[in-house]
Amino acid sequence: MYVTHITYYCLCGHNDAKQYERSKREREGLLLQLKVMTHAVPLQRWRELGVEEQRAYIMRLLDALEVTDRDKRLKVARAILYLAQGVFDECDTEMDTLHCSRHNIFLLYEMGVFTALLELLSMEIENNQACSSAVRKPAISLADSTELRVLLSIMYLMVEAIRVEMEDDKPEWKSSRETFKTELASPLCNGEPFALLLFTMVTKFCSMNAPHFPMKKVLLLLWKTVLFTLGGFEELQQMKVAARERISLPPLPEDSIKVVRSMRAASPPASAMELIEQQQQKAKLPLVKQDSLDTYNERDPFKNDDSRDEEEDADDADNGLEGEVDPLDRDVIIQPPPPPAPLRPPTERVCFPKGLPWAPKVREKDIEHFLETSRNKFIGFTLGNDIETLVGLPRPIHESVKTLKQHKYVSIAEVQIKKEEELQQCPLTLGEEEVEETPAEVVYVGMLPNLSQYVIALLKLLLAAAPTSKAKTDSINILADVLPEEMPVTVLQSMKLGIDVNRHKEIIVKAISALLLLLLKHFKLNHIYQFEYVSQHLVFANCIPLILKFFNQNIMSYISSKNSICVLDFPHCVVHEMPELTAESLEAGDSNQFCWRNLFSCINLLRILNKLTKWKHSRTMMLVVFKSAPILKRALKVKQAMMQLYVLKLLKIQTKYLGRQWRKSNMKTMSAIYQKVRHRLNDDWAYGNDIDARPWDFQAEECALRESIEKFNARRYDKNQNSEFVPVDNCLQSVLGQRVDLPEDFHYSYEMWLEREVFSQPIQWEGLLQAQ
C-alpha cells in the first residue's frame, strides 16, 4: 500500500523532532526494565509533598551523588531518573505521567541537578579502567554501560522537556528555558560547549577506545542539544529574515516552510503488474466514454516512467502523455457528471492551478552570462561584469534583462563571499572583522580542530546503522546498548530483540541525519565558508555514495516498516497492565501504515544530498557516475510532497548530463520537475546545450574552493597569524609601569635567575647604544 497524505511534522521549531511523548518513547528501549529503588524514594507519596519538601529531598539526593561508592551512586541516579520519568507509580494515565515528569524536570534543573550530572558524565568518559575493560571484552552488553545510560537518560529528558514550549508553561519555566539554553551553548566542560563533549564521546567510540558507550542515547542527546541551542527550522527562517534585513537585502520571495506544507504529493509510479491490469481494463471500456474517462480519471504523473524499476535499473520507457491531469490536483475529489451525448461537444477539462508554487530566481552571474552571450552575438565584444550598459543591443534583449533583474535574488552567501574577498585583499585597511559570538559560531570554533574526525565518526555510525549494510568483523558495534547479557532462548524473546535491534538502528539513522542537516543549515547562515568546510569533509568522506547506498533498497518497505511494540512504549508500559505478548501480535506491529521515524530520516538525507550538490558541478557528476537516477526515481513511489520535492531537485540538477534518450523516456518526471521545483529563468536544465554541461576540471573546482576555505579559516581563527598585527607599545614609561604577575616562589630563585640570565650573559651595551 502506498504512503498517502503524509505531513512532514518534523519540519520546523518544536516539530524538528517528534512530539514530546514520542521523543520519550524513542529514548526508552523496548527491553528496558524500569527498576525503582524503594529505599531511594520518600516514604510519603511524592506528589503529596510540598514544593519545599521536594526541594529538600532533591538536595539530599545531590549530596548522595557525591559518594565514592559506584553502586550507591547508581541507586541515587536511578532515583533521580524515576523523578524525571514522572513518578509513574503514582500516576493513572499517560498524560498525567508526562505532566508530572515535566514539573519534576524543571524542579530538578532549578536545584542544579544537570550540573551535577555533567560532572559525573565527565568522570565516566575519563574512566580509563572501564574503557580498557570494555576493549578487552569479546562482547559488549547492556551491563557495561548501566551508569552511563542512566545519566544520559536523565540529561536527555531534561533537555527535551525544557526545550519544548507548552501553552501552560509558568513564567519561571520560560525563564529557566532561556537560562538553560544559554548554559548549554556556553563553555561548560573544559572551555567547550556541551555538544563538543558529546562529539568527543562519538569519536572515542568510533576509534574503539570506548566500545561500551551507548551511542543511541549519545546521538539523541547530541541532536536535541544542537536543536535546542542553535534553533529549529522555524527559528532558522526568522534568523535568515533578520540577517537579510541587517545587510540591506530585499526580503525573501516566500516562506519555504509554508510553501512545502501546502504542496500536494503526486501519485506514485505504477508497478508493471498494475500497468498490465490497467491496459486490460482499458480494452474492456466502450470507446464512446473514453473522453470522459480521460477527463475525470485520476492519472499518475510518473505512472509510465517507472514501469520496470522493480525489475531492472535501466532507464524506463514512457508510454505517452495523453489524458494526463495536473499532479497538483491529484487529491481533489471530482464528482464525474453524466456521460455526454455522442453529438454534444466534449466537456471542459479540469482547470489547472494558477501559478507555480515557487517564485523564480536569477543570480547576478546568470545576468552577466546572458549579457555576455548577447553582446558577443550582436556587438562582437563584451564588457566584463557590467550588467547596466545595454547600448547596441536590440529591444527584446532590453526586455529580457529587465525581466531578469525583476527576479534577481542576492543570497546572504554571495554577500559573505564578496566581503571575504575584500578582507583578504585589504586586511590592514579594513581592520579586524567583528565576529558575532552566535551559538553556531561557538560550535564551529569548538569543532574546527577535530572536524574531520567528527564527520568521519558520524558517517561510520550512519553506515553501520543503514539497513543495506552488511555485518563485517571490522565494523563498529552499535548494539552495545541494546544487547542483553544473556541472549534470548525462546522464539518470542528473539523476535522482541530483533524488533528492538532494527528500531535501535532506525533511531541512530534519524539522529545522525537530523544532526548533520541542522549543522549544515546553521553553518550556512552563519558563514558560507563554514558550511563549505563541513560539506567538503562530508564529500571527501564518501557521504554522497553512502546516501545513495541507503536509498538503493526497497524504500517503500523501509518507510512502512513496523519495528515497534506499542505496549512496551513509555509511558504506556508503566501505566497500563502489560498484556501477554505473542508472536502474532509482534508480527502485526502497530496500526500505522508508515513509520514517521524512517520518513523523517529519508527526507533529511535527501536534503543533505541536495545541500552537498547544489551549484557544484563536480558533485553533480558524482550523482551521474554513481547512476543515482534510477535509485532516486524509485523514491518517488513514496507519496509525500516534501520527499518528492527533494528527489525531483536531485533529478533536475543532473538532467542535462543524462542524455537525450533519458529525457525522452522520462517525460512525466520532467513534467513533475517543472511543476514542483523552483525555476531559474535562464537555467537550461532540461537540455544538454548549456555551458555548465561541458566537461569541467572537477579537481580544480574543489581545490579552488578548498583554498578559499583555508584562507578564511586562517584569517579568522589562526591565532599565530593574527599575533603579527597586534599593536606594540613602544613607550618606555608605560612598559616599565606595567604590573607583571610573578609566581609566588619566584623570589626564592630570583638571584639565581639574575645570575644566569643577566650577569652571565655577555652583553655589549656600547654596541646597543650605537646608531645603526
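The values are calculated or read from the model by the stated rules, or taken from the named source; none is laboratory data. No experiment lies behind these values; they were computed from the predicted model shown. Cβ sites come from the backbone with ideal geometry, for glycine too, and all protein chains shown count toward neighbours.
Observations on the structure shown:
- Candidates Ala700, Ala635, Ala704, filtered to the one that is within 25 Å of the chain's Cα centre (by Cα) and of a type in the set (A, V, I, L, M, F, W, C): Ala635
- Hits in region 526-563 - residues which are of a type in the set (Gly, Ala, Ser) and surrounded by fewer than 21 Cβ atoms within 10 Å (Cβ to Cβ): Ala541, Ser557, Ser560, Ser561
- Pairs with Cβ under 7 Å, 6+ apart, first in region 663-679 and more than 16 Å from Leu650 (Cβ to Cβ), second outside any helix (DSSP H, G or I) and polar (S, T, N, Q): Lys668/Asn304
- Of all residues in region 546-584, those satisfying the criterion of being hydroxyl-bearing (Ser, Thr, Tyr) and either touching a residue at least 60 places away in the same chain (Cβ under 8 Å) or over 30 Å from Lys470 (Cβ atoms) (or both) are Tyr558, Ser560, Ser564, Thr582.
- Taken as a whole, the structure places Tyr529 among residues that are among the aromatic types (Phe, Trp, Tyr), touching a Phe, Trp or Tyr at 6+ places or on another chain (Cβ under 7 Å), under 30 Å from Arg715 (Cβ atoms) and in a helix (DSSP H, G or I).
- Residue within region 648-656 that is surrounded by fewer than 17 Cβ atoms within 10 Å (Cβ to Cβ) and under 19 Å from Ala359 (Cα atoms) present: no
- If only residues of region 365-396 that are touching a Leu at 6+ places or on another chain (Cβ under 7 Å), assigned to a helix (DSSP H, G or I) and not charged (D, E, K, R) are counted, the one that is surrounded by the fewest Cβ atoms within 10 Å (Cβ to Cβ) is Phe378.
- Any hit, region 387-398, residues being polar (S, T, N, Q) and touching a residue at least 12 places away in the same chain (Cβ under 8 Å): no
- Qualifying positions in region 355-395 - hydrophobic (A, V, I, L, M, F, W, C), in contact with a Pro (Cβ under 9 Å, 6 or more places away or on another chain) and under 30 Å from Ile257 (Cα atoms): Trp358, Ala359
- Selected residue (only one of Glu436, Glu422 is outside any helix (DSSP H, G or I), modelled with pLDDT of 90 or more and among the charged types (D, E, K, R)): Glu436
- All positions within region 690-725 that are at pLDDT 70 or above, surrounded by 14 or more Cβ atoms within 10 Å (Cβ to Cβ) and either of a type in the set (S, T, N, Q) or in contact with a helix residue (DSSP H, G or I) (Cβ under 7 Å, 6 or more places away or on another chain) (or both): Phe698, Glu701, Glu702, Leu705, Arg706, Ser708, Ile709, Lys711, Phe712, Asn713, Arg715, Tyr717
- Conditions (1) farther than 23 Å from Val575 by Cβ; (2) of a type outside the set (Phe, Trp, Tyr); (3) buried (at least 18 other Cβ atoms within 10 Å of the Cβ); (4) modelled with pLDDT of 95 or more; number of the one not met by Glu160: (1)
- Condition broken by Ala134, with the remaining ones in (1) in contact (Cβ under 8 Å) with a residue 40 or more places away in the chain; (2) on the phi < 0 side of the Ramachandran plot; (3) out of contact with any helix residue (DSSP H, G or I) (no Cβ under 6 Å at 6 or more places or on another chain) satisfied: (3)
- A single entry from Val455, Val415 fulfils the requirement of being in contact (Cβ under 8 Å) with a residue 60 or more places away in the chain, within 20 Å of Val202 (Cα to Cα), assigned to a helix (DSSP H, G or I) and not charged (D, E, K, R): Val455.
- Of everything listed in (1) surrounded by fewer than 17 Cβ atoms within 10 Å (Cβ to Cβ); (2) under 28 Å from the mean Cα position of the chain (by Cα), the single unmet condition for Arg149 is (1).
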